[in-house]
1. Give the residues of the stretch B:52-71 that are in contact with a strand residue (DSSP E or B) (Cβ under 7 Å, 6 or more places away or on another chain), at pLDDT 95 or above and away from chain A (no Cβ under 14 Å), sorted by residue number.
2. Can you find even one residue in the stretch A:167-185 that is crowded, with 22+ Cβ neighbours inside 10 Å, of a type in the set (Gly, Ala, Ser) and farther than 21 Å from A:Ala155 by Cβ?
3. Given the condition in contact (Cβ under 8 Å) with a residue 60 or more places away in the chain, closer than 14 Å to B:Ala243 by Cβ and within 13 Å of chain A (Cβ to nearest Cβ), answer yes or no: does some residue in the stretch B:72-83 qualify?
4. Considering A:Phe157, A:Phe195, which residue is touching a helix residue (DSSP H, G or I) at 6+ places or on another chain (Cβ under 6 Å), buried (at least 20 other Cβ atoms within 10 Å of the Cβ) and in a helix (DSSP H, G or I)?
5. Every residue in the stretch A:78-118 that is of a type in the set (Ser, Thr, Tyr), within 14 Å of chain B (Cβ to nearest Cβ) and out of contact with any Asp or Glu (no Cβ under 7 Å at 6 or more places or on another chain), please.
6. Check B:Asp223, B:Asp216 and return the single one that is under 30 Å from B:Thr286 (Cβ atoms), surrounded by fewer than 23 Cβ atoms within 10 Å (Cβ to Cβ), away from chain A (no Cβ under 13 Å) and not aliphatic (A, V, I, L, M).
7. Considering only the stretch B:199-213, state which residues are within 13 Å of chain A (Cβ to nearest Cβ) and in contact with a Phe, Trp or Tyr (Cβ under 7 Å, 6 or more places away or on another chain).
8. Go through (1) buried (at least 17 other Cβ atoms within 10 Å of the Cβ); (2) not in a helix (DSSP H, G or I) one by one and return the number of the condition A:Thr26 breaks.
Amino acid sequence: MDWSWSFVWEILPTLLEGVRVTILATLGGAVLAAVIGLALALLRRSPNKAVMRTTSFVIEFIRGTPLLVQLYFLFYVLPDAGITLGPMTAGLIGLGLHYGTYTAEVYRAGIDNVPTGQWEAAKACNLTGRQTWTQIILPQAIPPMVPALANYLIAMFKETPLLSAITVLELMNQARSVANFNYRYLEPMTLVGVFFLIISLISVSLLRLLERRLGRIG
Amino acid sequence: MNFMTTGMRVGSGKSLRITLGALAALALSSSFMSAPAVADGKLEELKKQGFARVAIANEPPYTEVKPDGTVSGAAPDVAREVFKRLGVGDIVASISEYGAMIPGLQAGRFDAVTAGLFMKPERCKAVAYSEPILCDAEALLVKKGNPMGFASYKDIADNPKARIGAPGGGTEEKLALQAGVPRDRVIVVPDGQSGVKMLQDGRIDAYSLPVLSINDLVKKANDPDLAVIAPVKGAPVYCDGAAFRKQDADLRDAYDKVLAEMKASGDFAKIIEPYGFSAAAAMSTTRDKLCGG
């Protein structure tokens, strides 16, 4: 167990490239999850029973199976059906879909959380559907959602190493490859942990800041 | 040890002291567990234990785990026989990535690596190799008709669209990178079956493994749209050996002695030739030559 700083400097550029890919994957996955989640949440509120049931089933199905299995499916099984996704695309879709089902529940809880009286009051004031959503419901629904969404963002960030299973050269995969080449695991794996910790801590403080600001407006 | 003294000095708060104490205890106990029994020598230790732990891949014909869980393949078969003659009854194998074998050996997870881990100067610096056992050239698996016209790793480097798959931390990955294929076009493939699948799906344009491994894969995949290019132009013929920790040189020396006897008596050829390996190739070269480069 002898820590070598010269080895650290040598592998740092490679690992930073991995950090870049990891951050890209997280941000891309987060945007997808936010959009997919919203779509699923709205579909689940659909007055049409069939749509509502199907959506519920899809959500439960995806939540009930491991992300790793979903990634393997997207990457190795879909080509048999003629759909060949690039590793990063498959990874983003996997992350977006998986976490989309979680954010959908957050949206649902946030919207359900607005008291019925608010809907009734909006109706009584003769507001249009659009006005009701943008001026009454969403401003009250969004601030309580932020902490939960932020937690999923951080959780997703920490799950990006799974993408290494489908050959995405993110941080974990880069670290494993430099470790494999140099027969040294101590420095690469320690640095991976440190990078994840630093980025998590920074994101957490940024997100807490956002929460506080939104809280003040709300 | 260092850990503990620091812990005691710094630990003014009670909880801090307890945590550091626990850490120190952990460090101490783990250093006890991994301490090699220097007094007896490694071979005596293995004899007493009754088995040797070896690292293998799952890459027939070098190493293979049969569906019923038994371990075969040329490398473990040789190791099993040598260990038996040394008085160590059996081998217990665990599957590992190529790149993780040497660190695992150094960390004491295995007693030897018997996996077709080719001898190369930088590996020889890290571990104690036996004399050569299995020799093979490198091959490329491509789509039928070799649409991109590959003959060497250099050809892959020169085609900006070509992607090559190879096992992580294996010889082929290194050869491709050394030939100038950029990192993002060398795809690390988890196992042979995924390599074939990725080639069939068009995710990679060539998959590289030693000749005998590729031949075995192609036979099992049974896909007429695949073709083998062997040997890869400009790539050397490599030989593996059983790899031991540097401090277990006594075990290595004993292993070499039995191996030399088996090579002389023809028992060695009897084990490896059914798998397609050439005993003459292994006997025509030496560790010193392969490690010297």
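The values are calculated or read from the model by the stated rules, or taken from the named source; none is laboratory data. Computed from a prediction, not measured in an experiment: that's the story for all the values here. Because the Cβ atoms are built from the backbone with ideal geometry, glycine has one as well, and the counts that use them run over all protein chains shown.
1. Within the stretch B:52-71, B:Ala52, B:Arg53, B:Val54, B:Ile56, B:Thr63 meet the criteria.
2. Yes, because at least one residue in the stretch A:167-185 is crowded, with 22+ Cβ neighbours inside 10 Å, of a type in the set (Gly, Ala, Ser) and farther than 21 Å from A:Ala155 by Cβ.
3. No, every residue in the stretch B:72-83 fails to be in contact (Cβ under 8 Å) with a residue 60 or more places away in the chain, closer than 14 Å to B:Ala243 by Cβ and within 13 Å of chain A (Cβ to nearest Cβ).
4. Of the residues listed, the single one that is touching a helix residue (DSSP H, G or I) at 6+ places or on another chain (Cβ under 6 Å), buried (at least 20 other Cβ atoms within 10 Å of the Cβ) and in a helix (DSSP H, G or I) is A:Phe157.
5. A:Thr89, the sole residue that qualifies.
6. B:Asp216
7. B:Leu199, the sole residue that qualifies.
8. That leaves (2) as the condition not met.
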